[in-house]
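The values are calculated or read from the model by the stated rules, or taken from the named source; none is laboratory data. Computed from a prediction, not measured in an experiment: that's the story for all the values here. We place every Cβ from the backbone using ideal geometry, glycine too, and count neighbours over all the protein chains shown. With ligands, DNA and RNA removed, areas are computed over all heavy atoms of the protein, side chains included. Shrake-Rupley method; radii C 1.70, N 1.55, O 1.52, S 1.80 Å.
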Amino acid sequence: MLLHPSLQLEVLTNLANETNIPTVLREFQTYIRSMDKDFVAATIQAIGRCATNIGRVRDTCLNGLVQLLSNRDELVVAESVVVIKKLLQMQPAQHGEIIKHLAKLTDNIQVPMARASILWLIGEYCEHVPRIAPDVLRKMAKSFTAEEDIVKLQVINLAAKLYLTNSKQ
């Protein structure tokens, strides 16, 4: 009997535990190659749920999601950014390198939700990326008028946080 793909994701995510998580994550890796973009997005969200539920694999999941940021498919990248944001909120101090990597992607990522998520992360943890955050703000100021509202709000948020944490610069 074949399960509907989204139901299969739900079952695998709910059954995932310390013992079988390597097998579940390998299965998810194959799903990410699917042509069904909604299924791919749901798979990336499932990886995030596994990382949240099973702390031992959080770093492995984060690293896998970071690797997806170089994917050619913009939807895969955008969904990965949103899930990475959620995971980094759980332990931000340890992930300055990931935030720096995301900052470099702001030029390439065009999906508004993903751009807004990156800007939020940079603003929220600007003390972890003190050299990069002002540069990102300068870049975003140049394209501000062309940005979607959700991105504009995060640019303003980033500016306010930088002003509060580093007013001299």
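Of the cross-linked pairs Lys85/Lys168; Lys139/Lys168; Lys100/Lys168; Lys37/Lys161; Lys37/Lys142, those separated by over 26 Å at the C-alpha level are Lys85/Lys168; Lys37/Lys161; Lys37/Lys142.
Diffusion of the stretch 95-168 by Stokes-Einstein, at 10 °C in a medium of 1.306 mPa s and with Rh set to the Kirkwood radius over alpha-carbon pairs, works out to 134 µm²/s. With angles folded into 0 to 90 degrees, how steeply does helix 149-165 sit against the dominant principal axis of the chain? Use alpha carbons for both and round to 10. For helix 149-165, the angle is close to 60 degrees.
Counting only alpha carbon atoms, the long axis of helix 5-15 and the longest principal axis of the chain meet at about 90°.
Both radii are taken from the alpha-carbon atoms of the chain; with Rh as the Kirkwood radius, Rg/Rh is 1.02. On a per residue basis, the stretch 1-91 carries 56 Å² of accessible surface, using protein heavy atoms and a 1.4 Å probe. Globularity index of the stretch 1-91 is 1.00 (Cα radius of gyration / 2.2 N^0.38 Å, N = number of residues). Of the trypsin sites (Lys or Arg not before Pro) found in the stretch 1-96, those in coil by DSSP whose Cβ has at most 11 other Cβ atoms within 10 Å are Arg33, Arg72. Seen against the Cα atoms of the chain and their longest principal axis, helix 132-142 is set at about 80 degrees. Determine the share of the stretch 1-82's accessible area contributed by carbon and sulfur atoms, expressed in whole percent, with a 1.4 angstrom probe. Of all accessible area on the stretch 1-82, carbon and sulfur atoms account for 53 percent.
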